[in-house]
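Written out below as structure tokens is the structure these notes cover.
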Amino acid sequence: MPAFKRIPDAGNLTGKVALVRVDFNVPMENGLVTDDTRLRAAVDTVQSLRTAGAKVALLAHFGRPKGERVAEMSLAPIAGAFAKVLGANVSFIADCKGDHVKQAIAELPPAGVILLENTRFYKGEEKGDADLAREIAALGDLYVNDAFSAAHRRHVSTAVLADLLPAYAGVTMEAELDALDKALGQPERPVMAIVGGAKVSSKIDLLKNLVSKVDMLAIGGGMANTFLAADGVNVGKSLCEHDLAETVREIQAAAKAAGCEILLPRDVVVAREFKANAENRTCGLSDIAADEMVLDAGAETIRHLTGALSRAKTVIWNGPLGAFELTPFDTATVKLAEAAAGLAKSGKLVAVAGGGDTVAALNHAGVADDFTFVSTAGGAFLEWMEGKELPGVTALLK
């Protein structure tokens with residue numbers, strides 16, 4: 001990945017105004033924040049700017065107001081919630097542009113923090129409108145992007161501002177980009193990717209990109225059923241996209257040409273009902289009954305994948321290996337997560353993971369903190385794994 005500028009590269013920031021794009025699209029209930037993870041993620045960036053003497057004007061979106069002012073999507077309640085997390089006063093102004101906003105920023109005390117209104121209240125935000133960008137850019141002296149989760153969109157606040165102001169990566173963005181570079185940009189080999197989830201159709205681009213980048217690709221979850229079926233395995237009534245057999249063969253051919261080994265289940269855990277603690281059994285691939293569904297990988301598969309992990313120097317993980325939300329069909333996901341975490345903690349493996357279900361699975365296994373890096377970026381993380389350009393990142397590389 002080409003070099004990007006970081007906050008220390010900005011030089012003397014005393015009295016400067018930093019426009020900081022953060023991700024404050026947090027879960028809310030009755031006007032209260034129910035999960036402050038994203039608020040806490042912004043603290044290091046804001047504090048580093050305050051310590052450097054800058055005033056901080058925060059830009060964020062909330063929900064999908066589609067260019068209209070929607071009272072329920074105002075960021076006003078989030079200012080107080082972030083103030084508690086930050087341990088400092090955070091003021092709020094119900095706008096994102098104009099002389100009155102500039103005046104409010106000017107009146108901030110040294111190292112003051114102000115949260116501006118939902119950027120998506122303006123129709124030009126999601127269109128990347130140049131006029132809106134100029135109006136917002138006029139408020140500050142530099143731009144800091146700390147919202148990797150929104151970096152796959154070329155919106156005014158996520159990318160276009162970087163064309164108008166000196167642009168830097170925030171602390172969270174910096175950590176994300178460094179971790180992703182270690183995982184796929186300039187990884188230590190062998191590299192193993194673990195991709196799970198329900199459907200191959202949702203991850204075709206991802207799989208096609210990964211087989212050209214990694215040395216081993218382990219496929220689990222419902223996706224594995226589609227691969228097994230394409231190889232002639234009768235997967236019973238399992239979740240399976242039989243119509244993607246040709247796509248699977250294309251991916252397999254690309255993997256073979258690139259020297260990437262695809263790792264599929266060798267044995268499976270099957271049940272007749274999709275529910276927690278359903279009666280189940282472990283069987284070989286040729287022993288799946290017509291009325292059974294595959295809900296997890298079996299013990300032999302776990303041993304095989306754990307062995308592959310022990311040979312790898314880098315692993316990148318997206319998606320669970322089975323129906324991890326239902327016991328005991330979380331076993332393969334938990335066991336492999338524990339193995340990866342143990343290797344990462346001992347310094348033998350760079351372990352990077354991301355995606356909503358993945359984060360939930362690692363938290364369920366109790367090992368998220370032991371991974372080298374866990375991204376909560378969702379769509380941006382997936383598009384990065386697919387090899388797509390992320391406008392919010394590209395804008396920082398200019």
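The values are calculated or read from the model by the stated rules, or taken from the named source; none is laboratory data. Being a predicted model, the structure only gives us computed values, none of them experimental. Positions of Cβ are generated from backbone atoms using ideal geometry, with glycine treated the same way; all protein chains shown enter the neighbour counts. Side chains included, ligands, DNA and RNA excluded: accessible areas come from the protein's heavy atoms. Shrake-Rupley method; radii C 1.70, N 1.55, O 1.52, S 1.80 Å.
Structure values in brief
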{"item": "The stretch 200-221 and the stretch 29-103: distance between their alpha carbon centers, rounded to Å", "result": "37 Å"}
{"item": "Average silhouette area of the stretch 5-82, convex hull of alpha-carbon atoms, in square nanometres", "result": "5.9 nm²"}
{"item": "Heavy atoms of Lys348: accessible area, 1.4 Å probe, square angstrom to 10", "result": "130 Å²"}
{"item": "Contact order relative to length of the stretch 241-398, as percent, for alpha carbon pairs under 8 angstrom and 6 or more apart", "result": "16 percent"}
{"item": "Calculated diffusion of the stretch 176-316, Stokes-Einstein form, Kirkwood radius summed over Cα pairs, 37 °C and 0.692 mPa s, µm²/s", "result": "210 µm²/s"}
{"item": "Highest-fluctuation residue, His155, His242, His61 considered, GNM on the chain with Cα pairs under 10 Å", "result": "His242"}
{"item": "Whether the chain is rounded, prolate or oblate, judged on the alpha carbon gyration tensor where a/c under 1.5 counts as rounded", "result": "prolate"}
{"item": "Neighbour net charge for Val195 - beta-carbon separation under 15 angstrom, K R +1, D E -1", "result": "-3"}
{"item": "J(HN,Hα) series, the stretch 256-265, from Karplus relation 6.51 cos²θ - 1.76 cosθ + 1.60, nearest Hz, glycine and proline x", "result": "4, 5, 8, x, 9, 8, 8, 10, 10, x"}
{"item": "Full-extension gain in nm, Lys313 to Arg64, via 0.36 nm per residue minus C-alpha separation", "result": "85.6 nm"}
{"item": "Cubic angstrom per residue, convex hull over Cα atoms of the stretch 92-218", "result": "152 Å³"}
{"item": "Qualifying GluC sites (Glu not before Pro) for the stretch 162-230 [loop in DSSP, other Cβ within 10 Å: at most 16]", "result": "Glu188"}
{"item": "Solvent-accessible area per residue for the chain (1.4 angstrom probe, square angstrom)", "result": "42 Å²"}
{"item": "GNM result for the chain, Cα springs below 10 Å: residue of Ser310, Ser157, Ser286 fluctuating most strongly", "result": "Ser286"}
{"item": "Label point at Glu279 placed 7 Å out along Cα→Cβ; residues across the stretch 222-260 whose backbone nitrogen lies under 12 Å", "result": "none"}
{"item": "Accessible area of Lys123 in the full protein assembly, 1.4 Å probe (Å², nearest 10)", "result": "110 Å²"}
{"item": "Rounded percent of accessible protein surface that carbon and sulfur make up, the stretch 130-245, 1.4 Å probe", "result": "47 percent"}
{"item": "Alpha carbon convex hull of the stretch 240-283, volume per residue in cubic angstrom", "result": "99 Å³"}
{"item": "Karplus-derived HN-Hα couplings along the stretch 136-145 (A = 6.51, B = -1.76, C = 1.60, θ = phi - 60°), whole Hz, x at Gly and Pro", "result": "6, 4, 5, 7, x, 10, 8, 10, 10, 9"}
{"item": "Accessible area of the stretch 286-349 belonging to carbon and sulfur atoms, whole % at 1.4 Å probe", "result": "53 percent"}
